[in-house]
1. Applying the selection to the range 95-135, what residues are surrounded by fewer than 17 Cβ atoms within 10 Å (Cβ to Cβ) and outside any helix (DSSP H, G or I)?
2. Counting only residues that are at pLDDT 85 or above and charged (D, E, K, R), which one in the range 226-249 is surrounded by the most Cβ atoms within 10 Å (Cβ to Cβ)?
3. Return the residues of the range 337-357 that are modelled with pLDDT under 90 and aliphatic (A, V, I, L, M); say none if nothing qualifies.
4. Do we find a residue being modelled with pLDDT under 85 and among the basic types (Lys, Arg) anywhere in the range 300-312?
5. In the range 310-319, how many residues are surrounded by fewer than 20 Cβ atoms within 10 Å (Cβ to Cβ) and assigned to a helix (DSSP H, G or I)?
6. Of the residues that sit in the range 186-196 and are without any contact (Cβ under 8 Å) to a residue 60 or more places away in the chain and surrounded by 12 or more Cβ atoms within 10 Å (Cβ to Cβ), which one is nearest to the chain's Cα centre (by Cα)?
7. Can you list residue pairs whose Cβ atoms sit under 8 Å apart, with the first residue in the range 250-279 being in contact (Cβ under 8 Å) with a residue 60 or more places away in the chain and the second being among the hydroxyl-bearing types (Ser, Thr, Tyr) and in a strand (DSSP E or B)? Count only pairs 6 or more apart in sequence or on different chains.
Amino acid sequence: MNINQKISLKEKIGYALGDGAANIAWRGVATFLFIFYTDVFGLSPVTVGVLFLVARFSDGISDILMGVIGDRTKSKYGKFRPWILWTAIPLAVILSLLFTSPDLSASGKIAYAYVTYIFFTLLYTANNIPYGALMAVMTGDDKVRTTLGSYRMVGAFAGGMLVQGALLFLVAHFGNVNPDIEINKLANEKFKVEVSTSKDVESVNIKTEDGIATFVWEDANMDSEENIPTHGKSFAMQAGKKYAFIVTGEENITKSTISIIDQKKGYSNSMYVMSAFLALFMFITFYTTRERVQPPKAQKNNLKQDLKDLISNKPWVVLLVIGLLFNVYNSIKQGIVVIYFTHYLNDQLLAASYLVGLMLASVAGAMLTSPLGRKLGKRNLFIYALLFSGGVNSLLMFCGPEDISAIFTIGIVSEFASAMFPTLFFVMLGDAADFSEFKNGRRATGLIYSAGSFATKFGGGIAGAIIGLVLGAFHYNGQDTTSIKGAIPGIIMLMSWVPAIITVITAGLMTLYPLNQKKLDEITLELNSRRLKEQNN
């Protein structure tokens, strides 16, 4: 089999759908799980932050083990493809369970969250390390691999767009509550709205369908600091109890224009749908891709030597740290978006439009990575993208809740550059695998790609801990209006300059990466020569 043959468009798209599936899981968790745990499931932000961090302590071992297992897998489908098939359904099931809310005690909820989240990270490892390693064995040409990496990231961002753009609308659809509603007009664009329901609902959100009108509680004795006008209210409903609001800002409010969403039911059913798409995309990836690059024929299984080669592989060590840091940056940005739009801009559904805008910018950034990488070099492009994205993102600290256009513009421009981080990172891991084979005469592709999964998951864990600790320091409680208002400065910090600081540190460390394009061309020529000799012998 020709390891440098051109890869068909069908195979490129098939491979890209695999990361589309992975990002339904990963971006769904990164964007929505924190607010689901705090505002719907009822966990404290510090508890969630500690959970995200603690669950990642085993990742280093599990990722390395999965890399070792992948390198030693032997099947008629190859080393890495079968794992995509074997883990498709289990990963979809555990993602569904993450967003399921069983009726448990406070300690039972914490235990349930730990068990399901840890199983999610393990199954994600078993799926994503082989998926990432697959790119390195589909072709032996680093330039073709860069193009394949761009396709992969387009697929990743398309999957992210699907879950981030559609989920909140699916939550509104599946979580629709049919309560008793009474509306009395008080004045022009001012109404009294009373709602009740025949059953208890732990977490509902009330707003108008257009999301324009503002709500305040009718209770005149309520603390004025708590009863600020917002475009909707989140609260728990008791069966048979009436809840009254003064609603202003829209001319014609009727029963049909009032939307009351059961967030627990909405999140669960919506994620069940997304999980079905995840499994389908994984099956397509398995059936459309092929493995072509094999380890040297003379190579013997030697775990001790593989680990020794890994630790002495300077490009891999640098990429491990870089990957960890840029994933902290991206995960903080993703993890705070829905909270920012819900509690600072008071418009949760607007977050869906914002996230779709980010995904469209990400697709553009991923597609331009290959030509820009050829012109500037991968290392230089990585550094420029880090500084640009972080610098632009920090401008969000100057935006008020009324500056919607500025918030969208800053977020989209920043995301265009940050989309290049994962595109370059996973391509450069393939380069690190080539470097190891060039230097040591041995190849452990799965072990090399364990850095990708470790960086993604542990970076997300650190980000979750940072979000939890910052919000905890500001006494955030997603089910208490007063505490939410007091946490607004922390929410703004997490949306703007806190993640931006990380990009400066990461850019400085990226200067230590040793593989420039001249060295990569030398490595590719030498490895192709060796492989040709092996085929002829």
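1. Matches in the range 95-135: THR100, PRO102, ASP103, LEU104, SER105.
2. LYS242
3. VAL338, ILE339, LEU345, LEU349, LEU350, ALA351, ALA352, LEU355, VAL356 - these are the residues of the range 337-357 that are modelled with pLDDT under 90 and aliphatic (A, V, I, L, M).
4. For the range 300-312, residues modelled with pLDDT under 85 and among the basic types (Lys, Arg): present.
5. Selection size over the range 310-319: 3.
6. SER196
7. Partner pairs satisfying both residue conditions: GLU250/THR208; ILE253/THR208; ILE258/THR208; SER259/THR208; ASP262/SER203; GLN263/SER203; GLN263/SER234; LYS264/SER203.
Per-residue answers, yes or no, for (1) buried (at least 16 other Cβ atoms within 10 Å of the Cβ); (2) outside the structural domain of VAL337 (by TED's automatic domain parsing); (3) more than 23 Å from the chain's Cα centre (by Cα):
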site: PHE474; (1), (2), (3): yes, no, yes
site: GLY486; (1), (2), (3): no, no, yes
site: TRP497; (1), (2), (3): no, no, no
site: MET510; (1), (2), (3): yes, no, no
site: PRO514; (1), (2), (3): no, no, yes
site: LYS518; (1), (2), (3): no, no, yes
site: LEU525; (1), (2), (3): no, no, yes
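The values are calculated or read from the model by the stated rules, or taken from the named source; none is laboratory data. Since the model is a prediction, treat every value here as computed from it, not as a measurement. Please note: Cβ atoms are built from the backbone with ideal geometry, for glycine as well, and neighbour counts cover all protein chains shown.
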